[in-house]
1. Past the 26 Å Cα-Cα mark, which pairs from Lys20/Lys74; Lys20/Lys97; Lys24/Lys60; Lys104/Lys138?
2. Counting only helical runs of four or more DSSP H residues, what would the 222 nm mean residue ellipticity of the chain come to if each run contributes -39,500 (n - 2.57) and the total is spread over all its residues?
3. Answer rounded, prolate or oblate for the chain, using the Cα gyration tensor with square roots of eigenvalues a ≥ b ≥ c: rounded when a/c is under 1.5, else prolate when a/b is larger than b/c, else oblate.
4. What FRET efficiency would be calculated for the residue pair Asp148, Phe101, taking the C-beta separation as r and a Förster radius of 30 Å, to the nearest 0.05?
5. Pull out the extension gain between Asn93 and Arg5, defined as 0.36 nm times the separation in residues minus the alpha carbon to alpha carbon distance; nm, one decimal.
6. Quick one: among Pro127, Pro98, Pro36, which has the greatest mean-square fluctuation in a GNM of the chain with alpha-carbon springs under 10 angstrom?
7. Report the relative contact order of the chain, percent, no decimals, based on alpha-carbon pairs under 8 angstrom and at least 6 residues apart.
8. I want to verify a result. In a Gaussian network model of the chain, Cα cutoff 10 Å, which of these has the top mean-square fluctuation: Leu46, Leu62, Leu147?
Amino acid sequence: MGRYRALVAALVQHTNIVGKGMTKRNEISEGVSLTPQEWQIFEHILEYHNETFSMITMSKRLGIPQSSFSRMVKRLCSCGLVDKYQAVNNRKNIILKPTDFGQKIYREHSGRLLELMFRPFFEALDPVSDEDLDTLTKAIRLFNATLDTDTGEPDEPLLVRMD
């Protein structure tokens, strides 16, 4: 891996740490606990609340299988953080929007996350130019694309003849 060894090692370690904690529920507000993946979906809905991305589009953008995405959205809805909508002219696509309660919870919890996790990360990246940051982002996205084997097509079942 040559000069990229340290970067790849950091990415591998990051992936393993994130993977280990993905199913652990964290209290984000009194009576509201989410897994990190549920939080990611919730944050994505908040970040793009002015857009009308369908659930299918969001699940693809986040790299989460649609069945898992639907299950986690159901949980966000049951917590009162997100509401589902349909366009009058297209009832097939479901659009997700944050509730007022969800926006309030997001503001509070994301502020805590900024201070605890992201501020030190962003400060470490301050010396990196915007151009270099764009290059690194593109490289990570390209790497992710090579790792994502989910084509959206169902796998062809392997058949075994029955006697």
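Any read-out appearing in this document is the output of simple, stated calculations on the displayed coordinates, not a laboratory observation. Source: prediction; values computed, not measured. All Cβ positions, glycine included, derive from the backbone under ideal geometry; neighbour counts span all protein chains shown.
1. From Lys20/Lys74; Lys20/Lys97; Lys24/Lys60; Lys104/Lys138, over 26 Å: Lys20/Lys97; Lys104/Lys138.
2. -17000 deg cm²/dmol
3. Here the chain falls in the oblate category.
4. Computed FRET efficiency for Asp148 and Phe101 comes out at 0.35.
5. Contour length minus the Cα-Cα distance gives 27.4 nm.
6. Largest GNM mean-square fluctuation: Pro127.
7. Normalised by residue count, the contact order of the chain is 16 percent.
8. Of Leu46, Leu62, Leu147, the most mobile in the Gaussian network model is Leu147.
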